[in-house]
1. What is the antiparallel percent of DSSP beta bridges lying wholly in the range 129-257, to the nearest 5?
2. For the range 129-257, give the magnitude of the charge dipole about the Cα centre (Cβ charges: +1 Lys/Arg, -1 Asp/Glu; no others), in debye to the nearest 20.
3. Counting alpha carbon pairs within less than 8 Å and at least 6 residues apart, what relative contact order, in whole percent, applies to the chain?
4. How much FRET efficiency would the formula 1/(1 + (r/R0)^6) give for residue 148 and residue 202, where r is the Cβ-Cβ distance and R0 is 30 Å, rounded to 0.05?
5. Excluding same-chain residues fewer than 8 positions from residue 169, which lysines have a Cα within less than 23 Å of its Cα?
6. Got a sec? Charge dipole of the chain, +1 on Cβ for Lys and Arg, -1 for Asp and Glu; which of 228, 167, 142 is way out at the positive end?
7. Using the Cα centre of the chain as the reference point, and only Cβ charges (+1 on K/R, -1 on D/E), how large is the resulting charge dipole? Debye, rounded to the nearest 20.
8. Using the count of nearby Cβ atoms within 10 Å as a rough guide to exposure, how do 304, 173 rank from fewest to most?
Amino acid sequence: MTLILGIETSCDDTSVAVVDDAGHVLACKTASQVEVHEGYGGIYPEFASRAHVAAIIPTLEATLKAAGVGPDDLAAIGVTRGPGLIGSLLVGLHTASGLGAGWGLPVYGVNHLRGHLRSALLEGGRVDYPAIVLLASGGHTLIAHMKDAASMELVGTTRDDSVGEAYDKVARMLGLGFPGGPAVDRAAKIGTATTRFPRPMLGKGFEFSFSGLKSAVRRHMEQHPEAHVPDVAAAFVAACMDVLLGKCKAAIERYLPASLIVVGGVSASPQLRAGMAALCADKGVHLALPPLAWSTDNGAMIAMATFDYLGSAPSLEVDPNLRIDVL
Ligand code: KG4
Ligand code: ZN
């Protein structure tokens, strides 16, 4: 059994995990920064870096203890090298390279987006190829095509905001707090979509745009300050779902994949999970979703992705703008 230590510090969570080559998570500990940032309604990069510095060693120690393993049991260390906030990334990279030097282990700089991709293989997850990937997170919204496990062709990305960013900004407008995704979901569940917001770029290729939808919600709230917040949240979620599902349906029809992989923080949305399950059942396509706990940023997905890097020349170069089609 090969064990890998994964370290994730690209944004606002300090997360460390030990994962085996079957995708079983022996332990994953995450120090959340919600309390650091919630007063600002968004993430403050400098505060994020400092919080990572304070949390990373205690989080590492707690993870090794919970996994019941020591450095001698590990085959390698994987650490996020991008995309993300540069200061936050550097805390993880420097810690990992220090540990690698001290413990005599190879350290691989891992693409965070490849981490999300491989989250679908954790805890018994399976992907059949060819596959279509929808990655919907706070930083990204993209569709990619994988002919096989090693190939990656970017098919479409967002022209402006990501869908997760739209959730977070709409949460702020509606006074639902931070982090926005789960709060908007909860409100939407008890609301009724009485307003119809635009479905940006639906039916027009594989590119996304969420900035106009966000502005439509803002205008609606300015014109109807008395609006029932859960109803507005429901109308916003309905528009997001139509766009994400519509683009995935078009990608399935165009590429005829064996699997649809849906990953990234927004894949924690129960509405998205249910919609994708119905779409895949209808199309006879296998739906590969990460277990709910591994949808949002975590060290386990970085450890899992590290298996793709074993044997390659390790790169610890930080890259805040790394693309999904680069390993
Ligand atoms: O993948 P992730 O943890 O971080 C990035 O790589 O960006 O994604 C975070 C995003 C946030 O925008 C958050 O609002 C969204 O995922 N999110 C959700 C849910 N949980 C997190 N969006 C919709 N429904 C959720 N339950
Ligand atoms: Zn992420």
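1. On the way: 9 of 10 bridges.
Antiparallel bridges: around 90 percent, rounded to the nearest 5.
2. Values: 15 positive and 13 negative charges, 36 e Å.
Taking the Cα centre of the range 129-257 as origin, the dipole is about 180 debye.
3. On the way: 747 pairs, mean separation 84.1, N = 327.
Here the relative contact order equals 26 percent.
4. Values: r = 30 Å, r/R0 = 0.99.
Efficiency computed from Cβ-Cβ geometry: 0.50.
5. Candidates past the 8-residue exclusion: 189, 214, 247.
6. Of the listed residues, the answer is 228.
7. Values: 25 positive and 32 negative charges, 181 e Å.
The dipole magnitude comes to about 860 debye.
8. Numbers: 304 33, 173 17.
Ascending Cβ contact count within 10 Å gives the list 173, 304.
Every read-out reported here was derived from the displayed coordinates using simple, explicitly stated rules and does not represent laboratory data. Quick caveat, the model's predicted, so the values are computed rather than measured. Every residue, glycine among them, receives a Cβ derived from its backbone with ideal geometry; neighbour counts consider all protein chains shown.
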